Every structure is written in C-alpha cells, then in structure tokens.
Amino acid sequence: MILYAVTAILFLLIDAVMLTLVMEPLFTRHIGTAMRDGLMIAPASLFYLAYVAGLVFLVSAPALRDRAPERAALHGAVLGAMAYGTYEFTSMSIMKNWSWTMVATDTIWGAVLTGFSAWAGVMILLRLRG
C-alpha cells in the first residue's frame with residue numbers, strides 16, 4: 001500500500017503540472033471545440049486509480065522485490081508508451097483534427113511519466129527500508 005500511495009502521489013502531482021502547462025493548451029489548439037468545459041472527476045479518478053494499480057502490480061512491486069529501480073524505469077516507460085500510445089493512435093485513427101504532435105507528445109509523456117513514477121516510487125521505498 002505504501003508503494004501504491006507514493007507512486008500515485010508522484011504520478012498525480014507531476015501529471016497535473018504537465019496537463020496544465022502543456023497538454024491542455026496543445027489539445028485545445030487542435031480539438032478545442034470537442035473538449036469539455038471542465039474535467040469530469042469520476043472518470044479521471046478511475047483512470048488514475050486503476051493505472052497506478054496496474055503499474056505497481058506489473059512493474060514497481062517486482063522491481064522493489066528485486067531491488068531493481070532501473071528495471072522499474074524501463075518497464076514503466078514501456079508500459080506508459082503502450083498505454084498512452086494506444087489512446088493516441090486509436091484517437092488519431094478515428095477522430096478529426098487529431099494531430100501527430102498530440103500523438104508524439106502524449107505518447108512520449110506517458111513513457112516518461114510512467115517510467116519516472118515507477119523508478120521514484122521504488123527508490124523511495126528502498127531508501128525507507130534501508
């Protein structure tokens with residue numbers, strides 16, 4: 001539970017900054033009229049809770065067990081690229097005004113955010129455990 005909480009806090013805080021400063025303006029520029037006026041908290045919360053749970057189960061817990069934070073970073077980055085890329089490439093294939101800039105930015109961001117959050121969560125727990 002501690003690994004989940006640490007990873008979730010890191011993930012949410014870092015993503016909130018990126019969403020505010022980069023992603024929202026980028027998406028608004030390309031698909032502004034298709035965007036909601038405000039965030040729907042329930043679906044966003046469900047995504048974050050489930051995504052971080054999957055990240056911890058598939059990546060962080062095994063890396064923590066093996067004391068391998070670098071593996072958490074790599075496997076987290078792969079998972080993030082796959083998850084965010086799935087959304088982006090699917091959206092690109094079916095939605096008007098989707099741009100390659102959105103696809104590249106969000107897919108790379110998913111890899112960086114997920115890899116870093118997994119690595120940092122494992123590192124923090126390793127340091128706490130001594």
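The values are calculated or read from the model by the stated rules, or taken from the named source; none is laboratory data. Everything quoted here is computed from the prediction, not taken from an experiment. Cβ placement follows ideal geometry from the backbone for every residue including glycine, while neighbour counts extend to all protein chains displayed.
A Cβ distance below 8 Å, combined with a sequence gap of six or more or placement on separate chains, defines the contacts here; from region 61-74, residues that are at positive phi reach residues that are at pLDDT 95 or above in the pairs ARG67/LEU126.
Considering only region 67-76, I want to know if a residue exists there that is buried (at least 19 other Cβ atoms within 10 Å of the Cβ), touching a Leu at 6+ places or on another chain (Cβ under 6 Å) and part of a helix (DSSP H, G or I). Within region 67-76, not a single residue is buried (at least 19 other Cβ atoms within 10 Å of the Cβ), touching a Leu at 6+ places or on another chain (Cβ under 6 Å) and part of a helix (DSSP H, G or I). Looking across PHE47, PHE27, one residue alone is without any contact (Cβ under 8 Å) to a residue 12 or more places away in the chain and not charged (D, E, K, R). It is PHE47.
Taking the condition closer than 28 Å to LEU3 by Cβ, aromatic (Phe, Trp, Tyr) and either at pLDDT 95 or above or out of contact with any Leu (no Cβ under 8 Å at 6 or more places or on another chain) (or both), does PHE47 pass?
Details: closer than 28 Å to LEU3 by Cβ: yes; aromatic (Phe, Trp, Tyr): yes; either at pLDDT 95 or above or out of contact with any Leu (no Cβ under 8 Å at 6 or more places or on another chain) (or both): yes.
The answer is yes for PHE47.
Among all residues of region 79-98, there is at least one that is surrounded by fewer than 18 Cβ atoms within 10 Å (Cβ to Cβ) and in contact with a His (Cβ under 6 Å, 6 or more places away or on another chain). A residue that is aromatic (Phe, Trp, Tyr), at pLDDT 95 or above and within 30 Å of ARG129 (Cβ to Cβ) can be found somewhere in region 57-64. State all residues of region 28-61 that are outside any helix (DSSP H, G or I) and either in contact with an Asp or Glu (Cβ under 6 Å, 6 or more places away or on another chain) or under 18 Å from GLU88 (Cβ atoms) (or both); if no residue qualifies, say none. Hit for region 28-61 is MET35, nothing else.
Quick check: anything in region 80-99 in a helix (DSSP H, G or I), in contact with a Lys or Arg (Cβ under 8 Å, 6 or more places away or on another chain) and farther than 16 Å from ILE14 by Cβ? Before the answer, list the steps.
Here is the first cut: in region 80-99, the residues in a helix (DSSP H, G or I) are 80-94.
Pick out the ones that are also in contact with a Lys or Arg (Cβ under 8 Å, 6 or more places away or on another chain) and you get none.
No, because not a single residue in region 80-99 is in a helix (DSSP H, G or I), in contact with a Lys or Arg (Cβ under 8 Å, 6 or more places away or on another chain) and farther than 16 Å from ILE14 by Cβ.
Could you say whether any residue in region 57-64 is within 21 Å of VAL122 (Cβ to Cβ), surrounded by fewer than 20 Cβ atoms within 10 Å (Cβ to Cβ) and within 12 Å of the chain's Cα centre (by Cα)? Within region 57-64 (the criterion being within 21 Å of VAL122 (Cβ to Cβ), surrounded by fewer than 20 Cβ atoms within 10 Å (Cβ to Cβ) and within 12 Å of the chain's Cα centre (by Cα)), the answer is no, since none of the residues qualifies. Scanning region 113-123 turns up one or more residues that are of a type outside the set (Gly, Ala, Ser) and either more than 14 Å from the chain's Cα centre (by Cα) or not in a helix (DSSP H, G or I) (or both). For region 4-22, check the following and say yes or no: at least one residue is over 12 Å from the mean Cα position of the chain (by Cα), in contact (Cβ under 8 Å) with a residue 24 or more places away in the chain and within 30 Å of ARG129 (Cα to Cα). So far as region 4-22 goes, yes, one or more of its residues are over 12 Å from the mean Cα position of the chain (by Cα), in contact (Cβ under 8 Å) with a residue 24 or more places away in the chain and within 30 Å of ARG129 (Cα to Cα).
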